[in-house]
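J.: Structure provided below as structure tokens; questions to follow.
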Amino acid sequence: TGSTAATWSIPDDTATIQAGLDLAAPGDTVLVATGTYFMDDLQIFQGVLLRSASGQPEDVIFDGQHQSRLLKILAVADTVRIEAITLRNGAASGIDDDARGGAVFIVESPVRFRDCRFDNNTATGAGGAICIDAAPLVELVACKLANNTALAPGIAAPGGAIAMYAHTSEGSLVLDGCVLDGNLSGGPGGAIYVDDGGLYLTDTEVTGSRSGQVSWSAGAGIFARRNHASEQGPEAPNLEVRLTNCRIADNTGRVVAAPYAGDGGGILIKGFDKDNIYEVLVTDTVFEGNFNAQGAGLYMGRYSDGLISRCRFLDNRAYLNGGGAVKGGRWPWCGGETARFEYCEFIGNEAGYDETGQTSPELGMGGGFYTRYYPRAEFINCSFADNRSGGTLHQGDAICHNSEGRTFVNDLHRCLIVNSVFYGVNGLDVQVYASDDGFTSVSYSAWEAGEYVCDGVVPTDIIDLTGSPWFGPTDLRLRETAPFIDQGTAMGISPDLAGTAVPAGSGTDMGAYEWILISGVDQGTAPTAVSRLTAVPNPFNPRTTVSFDLARAGRVQLDFHDLAGRRVRRLLAADLPAGPHSVVWDGRDDSGRGLASAVYFMRLTMPGRTESGRVLLIR
């Protein structure tokens, strides 16, 4: 015999939600009618589905009235699913577990949230909205967490929105298609705090978070750290941090008397020891406008190793070092853990400046990137534009590798630069600075004469720039006159930052973008009739905004084509006035069908002129 999952409707079948949950068996569904429900530590005992009857999160609201936590899930074996519910004004206070998880407290239970909203929840301990302890897996899909707070006087409470403790479970936190905005913590992790767990973010935005309101501002947006050795021993697989197609922006750490406690503005990642590292993979992600003491965009600390591919570091600012990013390590135990950057761009990042942009009274090394304590960093086809170092010791507007007076032991501690381009007009120092013998090699790259300092390492196949090779200060596509087109060395990496295929063998360009001919546009100068055609975000899912600026009025047509050249969508055909314009593409064809993941060509046509570009749709 078997059993059939039941559905319990609230209030038709039971008067209260708790009564329905008490009656539900594993696999059952509890449907909640439209309304606002005032909650006080509702508890789920079985692996059930709890959802709004309408399927709309705004229709069912769990409200704690700033007096009580909303929900707890303790030691449930089967996955608990919560869908299309708003959880707001929850409050966790007191001591120990009572202070954790303002909206939801999860212990030793797998949980999946879908299309939920977490608004204005507070905790005096960890996790303003959600606190997770020893759970194997917690997933959030298409959820929004806004204005949640982990804060109490004198307590460095972590995780403004989410805090996860996974030492005993080595579980994972997964976010897909989520938005975290305006969350705040007294300690590290303004939005997300992960202790000894795996972290996976896809198509997710972490914006406007603030950390360290009491002390220890590390990870203003996201904090991921291994604080213990694996209980499975040295043969255990390493934990992972993965970000795919994310935006990490405008997160701010409070720099206090001990500024070195403020590592990581966008995200901080640190392992425990050489047998318990974090493996890192960050792709197609933007770090923009973040601030903290060091590594304002990305801080990969000791015992972290991995790849950063097709990412953009824009206008991040560090009070000390590493405006765009930092790779840290612990001397002398660093075993060659590496941050490898491929087809990334660093634009307008600053080191040695305070939150307002004034010069800080501290060091200011590595406007774009900084290394310390002998970690290793590699830059393959990266572009650096108008980054700057400041403070009391400005070294390396783009890159600084500082040995701190020690001797490099072997190549496990030296950096690599190949096929990369450096140019800026706002800096105070050379573009690339390293302590003696700080690189294994520097080759096939371009900068202005005198913009490189590293005694003992002579760069090879270098092209001297005499002006900007790019369309504009923030548009790092190559002009047709760029002197390093086809002058790079093949690295076997494709595509570039824009999704353009990189030719195998000879013909590789330097920098983050392969040069492509844009039909009808004089690439020796910036376009005049129509300015840069852009799509943001790119790659995208589910939609991207295509923008352009017309110098004069005219008939405009915007089409998208697949790789075979077939037109799949005519998005625009209209007479437009001069000025800026934008239109949204949702990844559908002319018949309304969703297109598959692929590169698509966009083509903007007006009388006598055409501009084209590429977008990457990721499903």
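Read the figures in this text as sums done on the coordinates, not as results from a lab. Quantities reported herein were computed from a predicted structural model and do not represent experimental measurements. Backbone-built Cβ (ideal geometry, glycine too); neighbour counts: all protein chains shown.
J.: Could you tell me how far the Cα centroid of region 348-403 sits from the Cα centroid of region 416-460, in Å?
T.: Measuring centre to centre over Cα atoms gives 13 Å.
J.: Next question, about the same structure. Magnitude of the Cβ-charge dipole of region 534-617, K/R +1 and D/E -1, about the Cα centre, nearest 20 debye?
T.: 120 debye
J.: While we're on this one: Please compute, over every Cα-Cα pair in region 1-128, the percentage with a separation greater than 25 angstrom.
T.: Everything past 25 Å amounts to 18 percent.
J.: With the contact rule set at Cα under 8 Å and sequence spacing of 6 or more, what percent relative contact order holds for region 253-342?
T.: 30 percent
J.: May I pose another question? How large is log10 I(q)/I(0) at q = 0.23 Å⁻¹ when the Debye formula is applied to the Cα atoms of region 331-413, each weighted equally and without solvent?
T.: Treating every Cα as an identical point scatterer, log10 I(q)/I(0) equals -1.07.
J.: Reachable lysines from Lys274, Cα under 19 Å, same-chain residues fewer than 8 places away excluded?
T.: Qualifying lysines at Cα under 19 Å: Lys327.
J.: Another one. For region 534-617, what's the relative contact order in percent, using C-alpha pairs closer than 8 Å and at least 6 residues apart?
T.: 34 percent.
J.: Counting other C-beta atoms within 10 Å, which of Glu480, Glu404 has the fewest, and how do the rest follow?
T.: So the ranking, lowest neighbour count to highest, is Glu404, Glu480.
J.: Now a separate question. Going by how many other beta carbons lie within 10 Å of each one, how would you line up Ile248, Ile155, fewest first?
T.: By the 10 Å Cβ count, ascending, the order reads Ile155, Ile248.
J.: For a label point 7 angstrom out from the Cα of Val599 toward its Cβ, which stretches of region 544-576 have the backbone nitrogen within less than 15 Å?
T.: 561-566
J.: Then there is this: Over the chain, what is the mean sequence separation of C-alpha contacts under 8 Å (at least six apart), divided by residue count, expressed as relative contact order in percent?
T.: 5 percent
J.: Here's something else I'd like to know. Going by how many other Cβ atoms sit within 10 Å of their own, how do Asp263, Asp284 line up, fewest first?
T.: Ranked by crowding around the Cβ, least crowded first: Asp284, Asp263.
J.: May I pose another question? Sequence neighbours fewer than 8 away in the same chain don't count; with that in mind, list the lysines whose C-alpha is under 22 Å from Lys144.
T.: Candidates past the 8-residue exclusion: Lys72.
J.: Follow-up. What is the Cα centroid distance between region 1-50 and region 179-208, reported in whole angstrom?
T.: Measuring centre to centre over Cα atoms gives 30 Å.
J.: Then there is this: Per-residue ellipticity at 222 nm for the chain, helices alone: DSSP H runs ≥ 4 residues times -39500 (n - 2.57), over residue total, nearest 500 deg cm²/dmol?
T.: Only helices count here, giving -500 deg cm²/dmol.
J.: Considering only DSSP beta bridges where both residues belong to the chain, give the percentage that are antiparallel (nearest 5).
T.: The answer is about 20 percent antiparallel.
J.: Cross-link candidates for Lys270: which aspartates and glutamates have Cα within less than 20 Å, leaving aside residues fewer than 8 places away along the same chain?
T.: Qualifying aspartates and glutamates at Cα under 20 Å: Asp133, Glu170, Asp195, Asp196, Glu231, Glu235, Glu240, Glu279, Asp305, Glu337, Glu378.
J.: Here's something else I'd like to know. For a test of the definition: using alpha carbon positions, the gyration tensor, and the 1.5 limit on a/c, classify region 534-617 as rounded, prolate or oblate.
T.: prolate
J.: If you put +1 on each Lys and Arg Cβ and -1 on each Asp and Glu Cβ, how big is the dipole of region 82-129 around its Cα centre, in Debye rounded to 20?
T.: 200 debye
J.: So how strong a dipole does the chain carry about its Cα centre when Lys and Arg Cβ are +1 and Asp and Glu Cβ are -1, to the nearest 20 debye?
T.: 1000 debye
J.: Could you tell me which trypsin sites (Lys or Arg not before Pro) in region 551-610 are loop residues by DSSP with no more than 16 other beta carbons within 10 angstrom of their beta carbon?
T.: Listed in order of number, the matching sites are Arg552, Arg566, Arg593.
J.: While we're looking at this one, here's another question. Translational diffusion coefficient, Stokes-Einstein: compute it for the chain using the Kirkwood radius over C-alpha pairs as Rh, at 4 °C and 1.567 mPa s, and state it as an integer in µm² s⁻¹.
T.: 51 µm²/s
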